1. Restricting the first residue to segment 203-214 and requiring it to be within 15 Å of residue 107 (Cβ to Cβ), which pairs with a second residue that is open to solvent by 30 Å² or more (accessible area, probe 1.4 Å) and of a type in the set (Lys, Arg) meet a Cβ separation below 7 Å and a spacing of at least six or different chains?
2. Residue 385 - would you say it is over 30 Å from residue 281 (Cα atoms), part of a helix (DSSP H, G or I), touching a residue at least 60 places away in the same chain (Cβ under 8 Å) and within 30 Å of the chain's Cα centre (by Cα)?
3. Suppose we filter 79, 22, 47, 115 for residues that are exposed (fewer than 15 other Cβ atoms within 10 Å of the Cβ) and of a type in the set (Asp, Glu); which single one remains?
4. Do you know which residues across segment 177-196 are touching a residue at least 12 places away in the same chain (Cβ under 8 Å) and open to solvent by 10 Å² or more (accessible area, probe 1.4 Å)?
5. Does segment 228-249 contain any residue that is modelled with pLDDT of 90 or more, of a type in the set (A, V, I, L, M, F, W, C) and over 30 Å from residue 183 (Cα atoms)?
6. Do you know which residues across segment 387-416 are at pLDDT below 90 and charged (D, E, K, R)?
7. Is it fair to say residue 292 is open to solvent by 60 Å² or more (accessible area, probe 1.4 Å), farther than 29 Å from residue 404 by Cβ and among the basic types (Lys, Arg)?
8. For residue 359, state whether it is in contact with a helix residue (DSSP H, G or I) (Cβ under 8 Å, 6 or more places away or on another chain) and either open to solvent by less than 10 Å² (accessible area, probe 1.4 Å) or at positive phi (or both).
Amino acid sequence: MTTADDIFDQSQNNIQRLGLKEIPFTESPIDLESETLQRIFTGREAELRQVFNQFQSRERRRILVYGRIGIGKSAFLLEVLSVLRRKRPKMLTTYISLPANLDLATTALLAVAKEMDDDDWAQRYLYQLGIPTSKILKERSSEISASMGLGAKTSEKDLQPVTSQYPTVSLDILLERAQKKYPDGVVIAIDDLDKRNPSEVRQMMHDAQGMLKGDAWFMLTGHPMGITGDLLTSERGLFDLQLKLDELDQPTTYKMLINYLSSARIDNDCTDQGNPRCVLPFTPESAATFCRVSLGKPRLFNRLGNTVLSKAADLEVDLITPEILHEGLKAAAPTLRQQAALSVQEERVRALLMKRGEISDETITFEDLEALGVRSFSDILPLLERLEEADLAHQLDQEDVKAFAPIPLPSSEETEST
């Protein structure tokens with residue numbers, strides 16, 4: 001009888017059959033301290049140069065990194081911070097993903113305080129906010145003994161969580177303390193502004209102008225749909241650099257595939273793009289096809305890569321030929337749909353997109369709109385953007401026209417003969 005342990009061993013063996021220690025593709029941001037980030041990060045040389053030029057200035061700078069969903073903004077941000085940690089050891093670098101229901105000042109304060117684990121003031125502030133610290137902080141009080149007025153009784157009790165009424169003032173105090181230890185300054189990186197709706201982002205940026213022009217470096221990220229251009233227009237003067245990340249070109253994506261595979265390959269860390277061994281277990285043909293289908297979008301690249309390798313392991317093969325790649329990509333479409341949990345209306349738009357092959361405000365017909373129960377293209381635009389967010393569609397680069405196409409994956413409904 002096959003046991004669960006047997007199944008685990010077989011799964012592990014199937015990955016090793018592909019010459020890999022593990023599946024290297026991941027959607028989650030890689031830890032700043034990990035050497036893996038340095039090994040797999042690929043491209044963006046021009047963008048990195050623009051950012052690092054800002055850090056040659058004596059003045060504190062404010063940088064906005066923006067781009068479409070899944071384009072690699074978080075990975076880019078973490079790569080910048082990773083380099084700064086190596087090159088500027090006297091600079092404090094912090095990273096935080098924008099939490100729900102917090103303003104930018106409190107978010108920045110949390111980011112800095114969490115990195116200052118040896119500072120009692122910072123740790124006390126975290127503890128009072130209800131954030132776990134390395135030790136329990138106590139509040140001491142003394143009572144004079146009633147007996148002849150001599151002696152005192154000291155007692156301790158846990159500090160109670162409180163909400164800071166002046167986070168900007170608290171941040172200024174903490175920055176003063178941090179800069180005594182880190183004379184090259186403090187970098188506060190706040191990721192995922194697009195977690196909030198555009199009106200909230202606009203208000204947050206308005207409220208945080210004084211803080212952003214203060215004594216720290218700031219790096220923020222968001223995508224155009226989430227920030228609706230507010231930070232690129234009304235707050236134009238707030239940022240010293242507004243950096244757009246676009247899709248990676250095919251040679252860069254191919255190099256990225258090599259880097260990912262070499263980070264997990266057994267006894268083969270080849271990184272030469274001209275050497276066919278460097279894309280194993282892919283063949284050069286299947287590797288090129290994989291890179292084309294992933295459209296230069298790092299998140300889609302990782303999602304497809306994970307599915308393709310999992311499918312190859314299930315099939316117990318040792319090489320991903322074009323036929324095996326086809327099977328893996330065919331398995332990806334239902335997986336993406338399942339992860340997306342589309343509404344009925346979103347599914348209707350997806351079905352129309354698959355049927356038409358492309359949808360824009362110029363190509364959609366009155367019959368299409370009527371079938372969807374809407375009046376205009378603008379009514380389905382948020383649904384198309386939702387499909388893009390789920391990696392079920394991608395926006396085409398067309399001037400003055402919003403156009404979308406499906407991700408070029410084989411249909412899961414294909415028969416084996418096709």
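1. Here the result reads 212/62, each pair linking segment 203-214 to a residue that is open to solvent by 30 Å² or more (accessible area, probe 1.4 Å) and of a type in the set (Lys, Arg).
2. Yes, satisfied.
3. Details: 79 fails: exposed (fewer than 15 other Cβ atoms within 10 Å of the Cβ); 47 fails: exposed (fewer than 15 other Cβ atoms within 10 Å of the Cβ); 115 fails: exposed (fewer than 15 other Cβ atoms within 10 Å of the Cβ).
Only one candidate qualifies: 22.
4. Within segment 177-196, the first condition is being touching a residue at least 12 places away in the same chain (Cβ under 8 Å), and the residues that meet it are 177-179, 181-196.
Correct list: 177, 179, 181, 182, 183, 184, 192, 194, 195, 196.
5. Yes, the conditions are met somewhere in segment 228-249.
6. 389, 397, 399, 400, 402, 413, 414, 416
7. no
8. Answer is yes for this residue.
The values are calculated or read from the model by the stated rules, or taken from the named source; none is laboratory data. Here the structure is a predicted model, which means the values were calculated and not measured. As a convention, Cβ positions derive from the backbone with ideal geometry for all residues, glycine included, and neighbour counts pool all protein chains shown. Surface accessibility is based on the protein's heavy atoms, side chains included, excluding ligands, DNA and RNA. Shrake-Rupley method; radii C 1.70, N 1.55, O 1.52, S 1.80 Å.
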